[in-house]
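Just so it is clear, none of the values below were taken in a lab; they were calculated from the coordinates. This is a predicted model, so every value here is computed, not measured. Glycine also receives a Cβ, built like all others from the backbone with ideal geometry; neighbour counts cover every protein chain displayed.
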Amino acid sequence: MAREETESGAIDQDALARFDEIIAADERIEPTDWMPEAYRKTLIRQISQHGHSEIIGMQPEGNWITRAPSLKRKAILMAKVQDEAGHGLYLYSAAQTLGITRDKMTEDLITGKAKYSSIFNYHTPSWADMGSIGWLVDGAAICNQVPLCRASYGPYGRAMVRICKEESFHQRQGFEILLHLSRGTKEQHEMAQESVNRWYAPALMMFGPPDADSPNSAQSMAWKIKRFSNDDLRQRFVDMIVPQSEVLGLTLPDPAIKWNEKRGHYDFGELDWDEFYEVLKGRGPANSIRLERRRKAHEDGAWVREAAAAYAARESEQAMAS
Amino acid sequence: MSETSFQVSVGEAFTAEDVAEAAEKPTEQVARYALRLGDDALILAQQLGWWVARAPELEEDVALTNIALDQLGHARAFLSYAGLAWGKTEDDLAYFRGESEFVNAQLFEQPNGDFAQTIARQFVASHFQFELYRQLQGSANATLAAIAAKALKEVDYHRDHADQWMLRLSLGTDESRRRMLRGLEVIWPFVEELFRDDELTDSLKGVAAAPSSLLEGFEKSTAAVFARCEIEIPAGFVARGGGRLGQHTEFLGHLLAEMQVLAREHPGATW
């Protein structure tokens, strides 16, 4: 591990040793504990990106709230998107314990400086996409996130416990949407299949590039922020969704999927990583649209936030005067 | 179904499914009345749902969606109940009626506008619904009373939310005050219709809350907020109304077209 310097410039060997001990003992680092700057920065990057993903992720599903085809589905979808706003709030709060402000995170997001999950740069033209997002996208998110409940940084791990509980409900409701469509009319079945065809590969890419090409993974695993490699998690996800797709009566768009007795896992085909990097670089179907919507909400709301701040100042002045 | 099979005490979870399964079939008059209240709540929920991922703050995304969800819950209960009279489900009523069959008051279909206009509409809607449900929880009709008792608690929060924003926008900055006043100017003409009695409500004495009887409470509670906001009670245009008779402003058609499009593309399908 790199040697860390204190503010005075001296190497604080004792603090570093304590940090290493906590990590080795699988205990939690808390906001008041000393931590290496690189650990802090890695966490800020990861937690804020995760928060941004929740916030941007409200859009593709929000797209169907006004058109949900039954009132029950409308209610479930609204509750789900509301959960995502809540997740964004917890995650921003967890990141704030590391010394970054919410304003800074918002600015990084709307100026395009910060990243968020590329999956949300795809459009949701079909109602069945509400099913695919729940089943595949939230399903992949759960595989990624359950191990994060044990992340070494306390506030992050604890936020993830609650988030994972809600995500698992989200996944079930997505599966249920697809099941209902698949067993519905011919048009509904086709709607479900078409949607799964579009979301399958992007969902698998949510685990990040293959381990060999994942630059930040090794250090994060050493720090116990990350517990499993990208490829391990991807395999776990494929093993989970193949039998589920059979229950759904839908096919996954990969002819290479096949049970491998020897490995005890499903084999699956190569993913088109060029597409992944294209979307990551901002050349996805909806990158500019997602950012612009966030920017517009922020800018259109500026006068409201100013009014709330002015009112709060006025109230506290009056309280002081009385 | 036995007469005692449907008993819901105040505060119990009370859903559209409960109503559809357990309520007694309402009379035609009661169903028409429930339809009005259901349409008010449904149209408001639909409007508020638009704000998701567009609100000025994340906390407000959460709050407005919460209010929309509550309204949708009330709508589902009222529509499920009304539908029992005609052998229709909540979805039949929400998705397969035309514009002139909707009987919401015109206030609820007024556009979101900017955040101030949405708050002006929320302010009126929540103070109206609070008075309405407060009275309706004592209705001789057990189902209406039970729906109202549950809704009342939720609408109390909606009222507080609207009041808090009325204060902030009115007393915050010059710009926010200008917008708040403009929002009220747009919305206030639709207040009067909410308090009009008609043949239907006259025929449901002891069952329906007579709209005119809600006015005093509404005026009192809104006047207190206006005073704190240092705003004169708006006066000016009064819209002709007619929502309860299926006469609507030019906005409802667009709203329904969007809300109903997918369901109507697949008649007979379930979701």
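Some observations on this one:
- Taking every Cα-Cα distance in segment B:3-264 and sorting them into 5 Å bins starting at zero, the pair-distance distribution P(r) comes out as 1, 6, 13, 18, 20, 18, 12, 7, 3, 1, 0, 0 percent.
- Hits among lysines - C-alpha to C-alpha of A:Lys113 under 19 Å, sequence gap 8 or more where chains match: A:Lys41, A:Lys104, A:Lys281, A:Lys296
- Simple spin-label estimate for B:Arg196 and A:Ala256 in nanometres, 7 Å along Cα-Cβ: 6.8 nm
- Just checking the listed ones, B:His254, B:His161, B:His74: in the Gaussian network model of chain B with Cα springs under 10 Å, the one fluctuating most is B:His254.
- Segment B:1-153: C-alpha pair distances exceeding 19 Å, %: 52 percent
- To the nearest ten degrees, helix B:115-136 and the longest principal axis of the Cα atoms of chain B are 40 degrees apart.
- Alpha-carbon Debye profile of the protein assembly as shown, log10 I(q)/I(0) at 0.09 Å⁻¹: -0.80
- Those trypsin sites (Lys or Arg not before Pro) in segment A:89-142 that DSSP places in a loop and that have at most 11 other beta carbons within 10 Å: A:Lys113
- Shielding score for A:85-92, defined as the mean number of other chain Cβ atoms within 10 Å: 3
- Gaussian network model of chain A, Cα within-10 Å springs - most flexible of A:Asp231, A:Asp20, A:Asp274: A:Asp274
- Between A:Ser93, A:Ser214, A:Ser245, the Gaussian network model of chain A with springs among Cα atoms under 10 angstrom shows the greatest mean-square fluctuation at A:Ser214.
- Projected-area mean, chain A, by convex hull of Cα positions, square nanometres: 21.2 nm²
- Cα-based helix-to-principal-axis angle, B:215-229 vs chain B, degrees rounded to 10: 30 degrees
- For chain B, the 222 nm mean residue ellipticity estimated from helices alone, with every DSSP H stretch of n ≥ 4 adding -39500 (n - 2.57) and the total spread over all residues, rounds to -20000 deg cm²/dmol.
- What you get for chain A, charging only the Cβ of Lys and Arg (+1) and of Asp and Glu (-1), is a dipole of about 840 debye around the Cα centre.
- Helix-only mean residue ellipticity at 222 nm for chain A, each DSSP H run of n ≥ 4 adding -39500 (n - 2.57), per residue, nearest 500: -20500 deg cm²/dmol
- Positive-end extreme of charge dipole, chain A - chosen from A:Leu98, A:Ala222, A:Gln13 (charges on Cβ): A:Leu98
- Computed over segment A:33-136, the convex hull of the alpha-carbon atoms projects to a mean area of 7.5 nm².
- Entries in A:Lys72/B:Lys25; B:Lys25/B:Lys205; A:Lys80/B:Lys150; B:Lys25/B:Lys153; A:Lys72/B:Lys153 that, when Cα-Cα distance is taken, lie over 24 Å: B:Lys25/B:Lys153
- Each Cα pair of segment A:152-241 feeds into the Kirkwood radius, which the Stokes-Einstein equation turns, at 10 °C and 1.306 mPa s, into a diffusion coefficient of 102 µm²/s.
- Inter-part distance where segment B:62-119 and segment A:19-35 are each reduced to a Cα centre, Å: 52 Å
- For segment A:50-96 versus segment A:250-279, the gap between their alpha-carbon centres in whole angstrom: 29 Å
- Under the combined filter of DSSP loop state and at most 15 neighbouring Cβ atoms within 10 Å, segment B:12-101 retains these chymotrypsin sites (Phe, Trp or Tyr not before Pro): B:Phe96.
- Fewest neighbouring Cβ atoms within 10 Å first, the residues A:Met221, B:Met166 line up as A:Met221, B:Met166.
- Here each label is just a point 7 Å from Cα along the line to Cβ, and for A:Ser168 and B:Glu99 those points are 4.8 nm apart.
- Packing-based exposure ordering (other Cβ within 10 Å, fewest first) of A:Asp232, A:Asp14: A:Asp14, A:Asp232
- The spacing between segment B:135-181 and segment A:201-228, judged by their C-alpha centroids, is 48 Å.
- Amide H contacts for A:His265 (H built 1.01 Å from N in the peptide plane; partners 5 or more residues away or on another chain; cut-off under 5 Å): A:Asn260.
- The order of A:Phe175, B:Phe226, B:Phe123, going from fewest to most other C-beta atoms within 10 Å of their C-beta, is B:Phe226, A:Phe175, B:Phe123.
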